[in-house]
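Below you'll find the structure, written out as structure tokens, and then a few comments.
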Amino acid sequence: MSVPAAQVGTNAALNGRAAVALRRVLGPDYRMGYLFVTPIFFFVLSLIAYPFCYAIYLSFTHKLVGLPPVFVGFENYIRLAWDGFFQRAVVNSFVFTFGSVGFKLVLGVVMALVLTAPIRWRSFWTGVLLIPWVAPTVVSALNFLWIFDGSLGVLNYLLVRVFHLLPQGVGWLSEPGTAMASVVAVNIWRGFPFFGISFLAGMKAIPAELYEAAAVDGASTLQRFRHVTLPGLRNIMIIVVLLSTIWTFNDFQIVYILTKGGPGGTTMVMPVLTYETAFGAQRLGEAIAVALYLLPALAVTIMVLARYMRKGRKR
Amino acid sequence: MDRRLTDLADQLAAGLIARREFLRKATVITGGTAAGLGVLNTMAHAQGPKLRVWLFKSYVTAGNDILARQVEDWAKERKVQIEFDWATFGDREQKFVAAIEAGNPPDIAEMNYQGPMRYRPALRDVTKLAKDLAAARGGLLPFAERVVQTGGQYFGIARLVFGGGLHVRKDLIAEKGLKMPKVYDPDVIEVAKKTQDPSKDLWGFGQTLNRSDDGNGFLQNILWDWGGGTWDKEGKPALATTYLKENTAALQFAVDTIQKHKIQPPGVMGWTDVHNNEAFMAGKLVMTNNGASLYYAMGAKKHPLFDKTQVILTPGGPAGSFVASNPYNWGLFKASKHAELCDDLVRWVEDEKHFEEYMKACSGQAGPVYKSRAEHPYWKTDPNFQGMLQNILRGVWIGYPGPSTPAAIEVQAQYILCDMGGRVVTAGLSIDAALKEAHKRVEDIYRIRSRG
């Protein structure tokens, strides 16, 4: 069928106008832009969105290794809710996380204050204090495994043989009172430099004039810290605490290497329980349910902290 | 990234070439690389089939080296390429789970006793090969038969079982004029009390109940020793039902070694599988249960305690002396495209001449799973090997006195018995409460695994 020349011209003009409009809305290189973005979009979809959705689906199934999943609805979640070991793991996770983060916060502030003070070899001390953060966690945890060893560990050796502070060695990782404290201590040791270095950066951003003005007004050191330093660090503190809470909650290596969640589940935390359920029990659906159980709680924590930060900014 | 691509990107950024030209040249480069890889792949295929072999890296390093060399010799002879991978105590099951779930298992792998039950859906039925090998070697020992075979079908080809026993400082026992212990109560308790000296950090007995293979093995053994067990004859949970009385006495004994008799070192409840080896070699223990790797390590290092150590039968209890003999075995995976080569490789490494070479390097760790291998003169070359051999020969399987089942394997893998002991020692639970708590977990596993 032939098309009149006038109509061809009208269509071309319309197409041209549409292209211009599209360019105006989407940008001059929108075709190339989409071309470049599309692979990333599919990359994210296939490597993040799909596995996450599939994991959620698997948590509703009875999935054994090498066998197809069988849908069981909320059975895994309900069973876990009544499982004593899971309940203890939840409590332990909170004790481990908030115990660690609280101490890391205090030590981080102390570290930052010390490193802003006029001390000799400040750069050297900054480097030294960063070692726990820089060293691979596995290496640190293996070292602490040896340090805490009841028979051959250096800690008991020092306390009993060198300083004669104790008549007999302590089973640091084998007694309920000390096992959790020991794994928390290692997490604190590993994590506080991150707090310290972040606060240090934050403190350097606080204008010196504020301190001078406070000093002129007769504020003591403590008052300057309370009314100048702390408010200046507020946002950084929230971000650091938020990040550390997430990282500590998901910390697997320290607990697994030091105690594997033992003795008797005393130090069992959620990531270790997830791992044990997946690779020990080899019940993959249930393992994912363990991992996803606290996702809403973590999400709420993050949302509350984020809202708090936004409020702070508005003020 | 390919350097040519990086250069192109730099040129684009510097405005030297147009975006269109960048895309055209990048396409040519990536296409050329892909074609090159394809050619390389074809060349690799021309060199013969490739077999992915997973071996187990045990603490007996001499044995590991010999097995790897034997596999390489076979590959050279058959003109096959081998891609080795090693699994350790710490990552073996994780690797299997990941590979099977990804649909990419090896062609052949050295598995432990858990393999045939747990990975059955991915394993090839090897009944004919297993029966052929067993028939030529006088048949399988009973515990090995139970582990690799279910319902008349074989899903693993038994290879060896770790020898071991109670490692005892014979110099300290002789010093006090004592006899080697035969039962835990009272022999081990008495010997431990009379030989230990806590002021010098020397402890009579080193046996953790913590989450570890050592803890699992000890607790499982003593339940049997006291006439109890985790499973009844039908393979149903029996911890706090059928055998409640016996298990109560057994668990009480285990806890008493720490709390009442105080013959175990501080920190023993935090031990993993290596701690007792280290403590024994550091001269801090009089007795400890362990596999032959401890004896091997002392011999290989020419350790001063090597000559002062005797490996004896694992002590027993009122109902007898039981140990779990858990055989290692070859798993041949369904997904392999080289089934015949896998069969051939198994025949090669299980050939008696090759196995003998391996066994002799393993210092008692390569215990027999076939009847004829138990009669090999090697086992008479060292008095300590006799203890290890007799331990193996009287061994039972996980699940005893019932069948070996996926549920029985999972109870071991989840360290339920260790948690049971740990809950009494560290959380202050009563023996009865700990048994009931563990029983409930075992019932859960039984119910879930019964679904298939």
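The values are calculated or read from the model by the stated rules, or taken from the named source; none is laboratory data. Source: prediction; values computed, not measured. Glycine gets a Cβ as well: all are built from the backbone with ideal geometry, and neighbour counts include every protein chain shown.
Across the range B:256-274, the qualifying residues are those that are at pLDDT 90 or above and in a helix (DSSP H, G or I), and the one among them that is nearest to the other protein chains (Cβ to nearest Cβ) is B:MET269. Against the numbered list (1) within 14 Å of chain A (Cβ to nearest Cβ); (2) in contact (Cβ under 8 Å) with a residue 40 or more places away in the chain; (3) more than 22 Å from B:ARG146 (Cβ to Cβ), B:ALA250 comes up short only at (1). One residue is enough: does the range B:10-24 have a residue meeting the conditions at pLDDT 65 or above, outside any helix (DSSP H, G or I), more than 47 Å from the chain's Cα centre (by Cα) and not small (Gly, Ala, Ser)? Scanning the range B:10-24, I find at least one residue that is at pLDDT 65 or above, outside any helix (DSSP H, G or I), more than 47 Å from the chain's Cα centre (by Cα) and not small (Gly, Ala, Ser), so the answer is yes. Looking only at residues in the range B:84-98 that are touching a residue at least 40 places away in the same chain (Cβ under 8 Å) and within 10 Å of chain A (Cβ to nearest Cβ), the one that is nearest to B:TRP54 (Cα to Cα) is B:LYS95. It is to be established whether one or more residues within the range B:231-252 are buried (at least 20 other Cβ atoms within 10 Å of the Cβ) and under 23 Å from the mean Cα position of the chain (by Cα). The answer is yes; a qualifying residue exists.
Name the residues in the range A:146-202 that are under 26 Å from the mean Cα position of the chain (by Cα) and of a type in the set (Ser, Thr, Tyr), would you? Selection gives A:THR178, A:SER182, A:SER198.
Only residues that are surrounded by 24 or more Cβ atoms within 10 Å (Cβ to Cβ), more than 8 Å from chain A (Cβ to nearest Cβ) and free of Cβ contacts under 8 Å to residues at least 40 places away in the same chain were counted across the range B:417-452, and they come to 0. Of all residues in the range A:49-83, exactly one satisfies the criterion of being of a type in the set (S, T, N, Q) and assigned to a helix (DSSP H, G or I), namely A:ASN76. Looking at A:PHE148, A:PHE86, just one residue is within 14 Å of chain B (Cβ to nearest Cβ), within 30 Å of B:ARG118 (Cβ to Cβ) and in contact with a helix residue (DSSP H, G or I) (Cβ under 9 Å, 6 or more places away or on another chain), and that residue is A:PHE86. Among the residues of the range A:153-184, those identified as in a helix (DSSP H, G or I) and either more than 27 Å from A:LEU105 (Cα to Cα) or facing chain B (nearest Cβ under 8 Å) (or both) are A:VAL154, A:ASN156, A:TYR157, A:LEU158, A:LEU159, A:VAL160, A:ARG161, A:VAL162, A:PRO176, A:ALA179. The residues listed here are B:SER372, B:SER404; of these, the one that is crowded, with 23+ Cβ neighbours inside 10 Å, in contact with a Lys or Arg (Cβ under 7 Å, 6 or more places away or on another chain) and not basic (Lys, Arg) is B:SER404.
Within the range A:111-152, the set of residues being in a helix (DSSP H, G or I), free of Cβ contacts under 8 Å to residues at least 60 places away in the same chain and of a type outside the set (S, T, N, Q) comprises A:VAL114, A:ARG122, A:PHE124, A:TRP125, A:GLY127, A:VAL128, A:VAL134, A:VAL139, A:TRP146, A:ILE147.
Answer yes if at least one residue in the range B:391-406 is over 30 Å from A:THR178 (Cα atoms) and within 13 Å of chain A (Cβ to nearest Cβ), and no otherwise. Among the residues of the range B:391-406, at least one is over 30 Å from A:THR178 (Cα atoms) and within 13 Å of chain A (Cβ to nearest Cβ), which makes the answer yes. Per this entry, B:VAL369 is counted among residues that are in the same structural domain as B:ARG146 (by TED's automatic domain parsing) and either touching a Ser or Thr at 6+ places or on another chain (Cβ under 9 Å) or at pLDDT below 95 (or both).
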